[in-house]
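The values are calculated or read from the model by the stated rules, or taken from the named source; none is laboratory data. Here the structure is a predicted model, which means the values were calculated and not measured. Every residue, glycine among them, receives a Cβ derived from its backbone with ideal geometry; neighbour counts consider all protein chains shown. Only protein heavy atoms, including side chains, enter the accessible area calculation; ligands, DNA and RNA are left aside. Shrake-Rupley method; radii C 1.70, N 1.55, O 1.52, S 1.80 Å.
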Amino acid sequence: MDNSFGKITTIEAIMKFFQDGMTVMFGGFGGVGSPPTLIDGILEKGIQNLILIGNDTGFPHIGIGKIVSRGLAKKVIASHIGSNPIAGQLMHDGKLEVEFSPQGILAERIRAGGVGLPAILSDIGMDNELVSKDKPRFAIDGKNYLVETALTADVSIIYAKKADEYGNLIYDKSARNTNPLVAMAGDITIAEVEEIVPMGSLGPDEIITPGVFVDYLIPSKGVNWKWAWE
């Protein structure tokens, strides 16, 4: 396989981008579509005090939940944590800060970060203290909205079914979920992929994430989430 763009690398080489206290954004929904090889790499390096941004906290032993459950995150921005009871216990014990954001608003905040917008306006959750606490409000035509800040990360980690050497990506059905948005919002985006193919092998119409958003590619060592919602 050619590597003329210098994007194809190894899990060992890519770990230099991960440090204590950084912000990591991750793709996946209940663990499905999360990058297990990258998550295991973070665990093996022992990175801690992380700020994690993604749809949820996975399961205790699946997806980003493996990091959360070991107490390596200091804060999570997510739509829910219900599938990971350990995350709930850590929050209850004051060991994990959780910022809840409604799922659609969370996705839009990530998209806004990816396209360079500073914030979005929303009327979702205005009467919910968990959502609206400490957020400024802005009025348009007499109607109030919450100012929801855009979300970005030091590193975004995503999972794709197939990539070419430039980093153009396609996904496998529902494992696509938040990955295309997360790919846009990281200062550095690393894609774990099931298969890397030569340039020209992907049809233009099937490419979901253009390679311009992807900085590095690593081959996946396999996933552990196919059964998660069965």
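Here the stretch 198-222 and the stretch 37-107 have alpha carbon centers that stand 27 Å from each other. Counting only protein heavy atoms and a probe of 1.4 Å, the accessible surface of the stretch 46-165 is 52% carbon and sulfur. Out of [x] -0.42, -0.72, -0.93; [y] -0.36, -0.63, -0.85; [z] -0.51, -0.76, -0.87, which label holds the value of log10 I(q)/I(0) by the Debye sum over Cα atoms at q = 0.09, 0.12, 0.14 Å⁻¹ that was computed here? Matching entry in [x] -0.42, -0.72, -0.93; [y] -0.36, -0.63, -0.85; [z] -0.51, -0.76, -0.87: [y].
Beyond 13 Å, the tail of the calculated P(r) for the stretch 168-207 holds 59 percent of the Cα pairs.
In summary, the aspartates and glutamates within cross-link reach of K143, defined as a Cα separation below 12 angstrom excluding same-chain residues under 8 places away, comprise D123. Each principal axis of the Cα cloud of the stretch 97-168 was evaluated for its coordinate range; sorted largest first, these ranges are 50, 29, 20 Å.
Find the accessible area per residue for the chain; the probe is 1.4 Å, ligands and nucleic acids are left out, and the unit is Å². Please list the in-between numbers first.
Working: 10720 Å² over 230 residues.
Normalised by residue count, the accessible surface of the chain is 47 Å².
Cross-link partners for K161 among the lysines, with Cα-Cα distance under 26 Å and sequence neighbours closer than 8 places in the same chain left out: K7, K16, K45, K66, K173, K221, K226. By the helix-only formula, in which each DSSP H run with n ≥ 4 contributes -39500 (n - 2.57) and the sum is divided by residues, the chain has a 222 nm mean residue ellipticity of -5500 deg cm²/dmol.
With viscosity set to 1.567 mPa s and temperature to 4 °C, compute the Stokes-Einstein D of the stretch 134-230, Rh being the Kirkwood radius across alpha carbon pairs; µm²/s, no decimals. The partial results should precede the final answer.
Values: Rh = 15.2 Å.
D, rounded to a whole number, is 85 µm²/s.
If R0 equals 30 Å, the separation of the Cβ atoms of D20 and D205 corresponds to a calculated FRET efficiency of about 0.10.
Among DSSP beta bridges whose residues both lie in the stretch 12-159, state the antiparallel percentage, nearest 5. DSSP beta bridges in the stretch 12-159 are roughly 40 percent antiparallel.
The angle between the Cα long axis of helix 103-115 and the main principal axis of the chain comes to about 60°, on a 0 to 90 degree scale. When the alpha-carbon atoms of the stretch 27-148 are used, the pair Rg, Dmax equals 15.5, 53 angstrom.
Rounded to whole numbers, the Karplus 3J(HN,Hα) couplings from phi for the stretch 80-85 are 6, 10, x, 7, 10, x Hz, using 6.51 cos²θ - 1.76 cosθ + 1.60 with θ = phi - 60°, and x at Gly and Pro.
Which of the peptides 58-70, 3-15 is most tightly packed, and how do the rest follow, judged by the mean count of other Cβ atoms within 10 Å per residue? Working shown, then result.
Values: 58-70: 23.3, 3-15: 14.0.
Peptide ranking by packing, descending: 58-70, 3-15.
For the chain, the longest principal axis of the Cα atoms and the long axis of helix 36-45 meet at an angle of about 80 degrees. Proximity of backbone amide H atoms, modeled 1.01 Å from N, is registered between N168 and G211 at under 5 Å, excluding neighbours fewer than 5 places apart on the same chain.
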